[in-house]
4 protein chains.
Amino acid sequence: MPPSDSTDQPRWRRRKDDRPQEIVAAAMDVFAERGYAAARLDDVAHRAGVSKGTLYLYFASKEELFKAVVRAAILPNLERAERLAEGAPGPTMALLDRILAMAGEMIATSQVAIIPKLVIAEAGNFPELAAFYHREVIQRVFGLLGGLLERGMARGEFRPLPIDHTVRLIAAPLLMSAMWRNSFDAVAPLDVAALIATHRDHLRRVLLVTEDAP
Amino acid sequence: MPPSDSTDQPRWRRRKDDRPQEIVAAAMDVFAERGYAAARLDDVAHRAGVSKGTLYLYFASKEELFKAVVRAAILPNLERAERLAEGAPGPTMALLDRILAMAGEMIATSQVAIIPKLVIAEAGNFPELAAFYHREVIQRVFGLLGGLLERGMARGEFRPLPIDHTVRLIAAPLLMSAMWRNSFDAVAPLDVAALIATHRDHLRRVLLVTEDAP
Amino acid sequence: MPPSDSTDQPRWRRRKDDRPQEIVAAAMDVFAERGYAAARLDDVAHRAGVSKGTLYLYFASKEELFKAVVRAAILPNLERAERLAEGAPGPTMALLDRILAMAGEMIATSQVAIIPKLVIAEAGNFPELAAFYHREVIQRVFGLLGGLLERGMARGEFRPLPIDHTVRLIAAPLLMSAMWRNSFDAVAPLDVAALIATHRDHLRRVLLVTEDAP
Amino acid sequence: MPPSDSTDQPRWRRRKDDRPQEIVAAAMDVFAERGYAAARLDDVAHRAGVSKGTLYLYFASKEELFKAVVRAAILPNLERAERLAEGAPGPTMALLDRILAMAGEMIATSQVAIIPKLVIAEAGNFPELAAFYHREVIQRVFGLLGGLLERGMARGEFRPLPIDHTVRLIAAPLLMSAMWRNSFDAVAPLDVAALIATHRDHLRRVLLVTEDAP
DNA sequence: CATGAATGAGTGTTCATTCAT
DNA sequence: AATGAATGAACACTCATTCAT
């Protein structure tokens, strides 16, 4: 038996404050792999290293756990993006570039890209969740992008365009990438960064006034 | 009771050849409402007006029924779109406009827009279905759009652009619309046609060589 | 292997119409042994010779099954007693004797005496059941006895007494016997018939006018 | 911080000797409301103002706690009744009246009337408890009443009657009242005192020799 | 072909009990 | 003594699938 190093903790070590996050992380894995309905709480518990009963100390039901996963995954990233966009100086297109790049990297490398797929898949069964996601996530993303567009137009950088539709058209390839990564990537992997780069090039032509008459 | 001859048809004659299609139609409704996992075959049978056992005369399992729904919903529309694109004369952008309009209308009005959501949601649980859908649907859609792009470039109508990425960027708003319609439309309805129209305007700037220097 | 006789039926023999009654009978046994909460539907199913799922073909929940048990056990006996009391001629005390004897025998020999105990035990958890039982059973029993009392008084056989209380005092020893049989009989068996006989003797002194001055 | 001396009492001094009684009192409430099986120890702990673990410092299991509730509720009242009956002078019927009145008031106003219902409901699951209750409660109640009957007969006040049955017939309305109060009182409240008063009137006719020939 | 009664494995949830602190 | 986080066995209920008719 090898000696245990100094960080060794008895396996019953109570880490009460970390538990909810550990459970949420495990749940995200399982929901990501199986979808909401097919995910088994047994698996979540096992992956979190706790018993099934422990789940219910922190989350009242599978549905509540699901909502916690959505919140935990989305909100920090959203806040990061909003901070990025808020006080920044310089050309608006550069800001938009940075936002797109950040989103692209997140989609390419992190688990959170699974969330929209999960929410969309279960929107019919959990209308309340759909409303929450629309209000707390989609509206904020759209508001963020819409603010950039308005800023660009106000500064004469962007052509006048219908904000609402353009925002959706900016976001659509991100959504598609997130979906693809969690559905068809095993069949045909997607180079998200490259796709987003081309998206950015296209957006330049669509948005910038200076592109019009080179 | 006299024996009936062989041509005798009971007046409650079941249109036995229509059964599978009726079942598939009912299944599409139910899958659309609940998602694959939460859909109950009881409901499918009831909506199709048959018994649960009858389902198994035509489909070996829930999974096979699901695949049949996907095939039945997608392939006819896909063939229609391919026919539209194939032999047509005239400017490529006009062709693309027609394809987009057709897709937009389908998304706005028909049930089939639910399919991508279902496939994406269950891709993890049914990798074979994901592969099938990628091969038989996505590849063909991408091939269709890619062919148009190549045609446009060959005729000097379109600027040279990376085919593969551009195809995805053309398709992304369609996917987003399909998703939205089946997830958040109850919360915030989407005017698909208008969104696609703006998309078309943007594409004009991105694709057409003549837009560059008016 | 001994030859099976002519009544032998394949074990999958469907006896669709009998199923609910078989299940109710099994459930009565299990509820009687364990009480409502401690009764396991697995046991009920096993005792009824069906699978657990089959229970749910006929009863929507454990609670509904419980109500069905109560109804099935009580109502036939109640109707029998009411028929006994209704059209009968002769002295009222003789009628009352017959009712008491019948009740005593039922308590002594049949399963149904378990029902009041079950209902009383669960009245707090199922107020609706309590209301049903009060309305459909207790009120009818009290009405039956009250009718006899009124008849006896009208005919000058019985002394004038407060109907409502007297009815309860007539019923109380029956209830006690039913409770005892299903609680303490293993510890100290009760001779229900003898107790009821003494009860009848006491009632004679209480009720009859002719006993007063022999 | 100065060291406290040995007589120092923290101001939050727990009355540690009262703990078990507080727990028993809380448990009685919860058992009364829900029945044994449906009662949650969480609720008991919460109502007693202690943690769930503390329960197990004083009671080895839910079953032991249940027995403690039964003992605590019944024995003091029983002793009170026995003291009432023992040394008293005067007519036996007056004594019996007082016993009945005391029992009636207890049933009408106190929690303890819930106990017989609980014991009877769980007698099947806890035969040992049933035996204990029969031995320590029922036998003593019957002994108490039987002693009164014997005294009355010995003094020529009461007619000769079978002690054992008559005791049960005296007790039955009390049991019924206790049951009713905890089952159907919400549906149809019972005036226990009035019922017991009528019971007393009936008993007078049954028991007293002088009533026979006024 | 068609039925629908029957199955039984599977899962979310509860709660008495334990035990490290 | 007291806590309360953690456990895990237990159970009601669901539903895809089967099969005798």
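Considering every residue within segment B:68-83, establish whether at least one is more than 14 Å from chain A (Cβ to nearest Cβ) and within 16 Å of DNA strand F (Cβ to nearest atom).
Among the residues of segment B:68-83, at least one is more than 14 Å from chain A (Cβ to nearest Cβ) and within 16 Å of DNA strand F (Cβ to nearest atom), which makes the answer yes.
For segment C:152-168, state whether one or more residues are surrounded by fewer than 19 Cβ atoms within 10 Å (Cβ to Cβ), out of contact with any Cys (no Cβ under 8 Å at 6 or more places or on another chain), touching a residue at least 40 places away in the same chain (Cβ under 8 Å) and under 21 Å from C:I74 (Cβ atoms).
So far as segment C:152-168 goes, no, none of its residues is surrounded by fewer than 19 Cβ atoms within 10 Å (Cβ to Cβ), out of contact with any Cys (no Cβ under 8 Å at 6 or more places or on another chain), touching a residue at least 40 places away in the same chain (Cβ under 8 Å) and under 21 Å from C:I74 (Cβ atoms).
Just checking, does segment C:74-86 include any residue being assigned to a loop (DSSP other than H, G, I, E, B), more than 15 Å from DNA strand E (Cβ to nearest atom), aliphatic (A, V, I, L, M) and modelled with pLDDT under 95?
no
Just give me the residues in segment C:166-201 being more than 19 Å from C:S110 (Cα to Cα) and either of a type in the set (F, W, Y) or in contact with a Phe, Trp or Tyr (Cβ under 6 Å, 6 or more places away or on another chain) (or both), in sequence order.
Answer for segment C:166-201, where residues must be more than 19 Å from C:S110 (Cα to Cα) and either of a type in the set (F, W, Y) or in contact with a Phe, Trp or Tyr (Cβ under 6 Å, 6 or more places away or on another chain) (or both): just C:V167.
Which condition number in (1) within 14 Å of DNA strand E (Cβ to nearest atom); (2) surrounded by fewer than 15 Cβ atoms within 10 Å (Cβ to Cβ); (3) farther than 22 Å from D:Q21 by Cβ is the one that D:N125 fails?
If we test D:N125 against (1) within 14 Å of DNA strand E (Cβ to nearest atom); (2) surrounded by fewer than 15 Cβ atoms within 10 Å (Cβ to Cβ); (3) farther than 22 Å from D:Q21 by Cβ, just (2) comes out false.
Residues D:L84, D:L41, D:L118, D:L55: which one is assigned by TED's automatic domain parsing to the domain that holds D:L195 and surrounded by 16 or more Cβ atoms within 10 Å (Cβ to Cβ)?
One residue alone meets the criteria, D:L118.
Of all residues in segment C:58-72, count the ones that are within 14 Å of DNA strand E (Cβ to nearest atom) and either in contact with a helix residue (DSSP H, G or I) (Cβ under 8 Å, 6 or more places away or on another chain) or basic (K, R) (or both).
Going through segment C:58-72 one residue at a time, the tally reaches 3.
For segment D:33-42, how many residues meet the condition of being within 8 Å of DNA strand E (Cβ to nearest atom) and within 23 Å of the chain's Cα centre (by Cα)?
Total satisfying the criteria: 5.
State which residue pairs qualify: first residue within 11 Å of chain C (Cβ to nearest Cβ) and inside segment D:27-53, second residue near DNA strand F (Cβ under 9 Å from one of its atoms) and hydrophobic (A, V, I, L, M, F, W, C) in any location, beta carbons under 6 Å apart, and separation of 6 or more residues or different chains.
Close Cβ pairs satisfying both conditions: D:A37/C:A37; D:A37/C:A38; D:A38/C:A37.
Among the listed residues B:A101, B:A130, B:A60, B:A94, identify the single one that is of a type outside the set (D, E) and buried (at least 21 other Cβ atoms within 10 Å of the Cβ).
B:A130
Can you go through C:M28, C:M1 and tell me which one is modelled with pLDDT under 90 and either in a loop (DSSP other than H, G, I, E, B) or surrounded by 10 or more Cβ atoms within 10 Å (Cβ to Cβ) (or both)?
On inspection, the qualifying residue turns out to be C:M1.
Does segment B:134-193 hold any residues that are aromatic (F, W, Y) and either closer than 19 Å to A:A194 by Cα or outside the structural domain of B:R98 (by TED's automatic domain parsing) (or both), and which are they?
B:F142
Being more than 7 Å from every other protein chain (Cβ to nearest Cβ) and either over 22 Å from C:M28 (Cα atoms) or touching a Ser or Thr at 6+ places or on another chain (Cβ under 8 Å) (or both) is the filter here, so list the residues in segment C:172-193 that pass it.
Result: C:L190, C:D191, C:V192, C:A193.
Would you check if B:L41 is within 11 Å of DNA strand F (Cβ to nearest atom) and either of a type in the set (G, A, S) or under 23 Å from A:A39 (Cβ atoms) (or both)?
For B:L41, the condition - within 11 Å of DNA strand F (Cβ to nearest atom) and either of a type in the set (G, A, S) or under 23 Å from A:A39 (Cβ atoms) (or both) - is met.
Starting from residues that are of a type in the set (A, V, I, L, M, F, W, C) and more than 6 Å from DNA strand F (Cβ to nearest atom), keep the ones in segment D:44-59 and report whichever is nearest to D:M28 (Cα to Cα).
Applying the filter and picking the extreme gives D:V44.
For segment C:130-140, what are the residues that are within 13 Å of chain D (Cβ to nearest Cβ) and either under 15 Å from C:L78 (Cα atoms) or touching a helix residue (DSSP H, G or I) at 6+ places or on another chain (Cβ under 6 Å) (or both)?
Residues satisfying the conditions are C:F132, C:Y133, C:H134, C:R135, C:E136, C:V137, C:I138, C:Q139.
Tally time: how many residues in segment A:107-125 are within 13 Å of chain B (Cβ to nearest Cβ) and outside any helix (DSSP H, G or I)?
3
Going by what's in this entry, would A:G143 be described as surrounded by fewer than 17 Cβ atoms within 10 Å (Cβ to Cβ) and either within 14 Å of chain B (Cβ to nearest Cβ) or touching a residue at least 40 places away in the same chain (Cβ under 8 Å) (or both)?
In short, yes.
The values are calculated or read from the model by the stated rules, or taken from the named source; none is laboratory data. Since we're looking at a predicted model, the values are computed, not measured. Note that each Cβ is placed from the backbone with ideal geometry, even for glycine, and that neighbours are counted across all protein chains shown.
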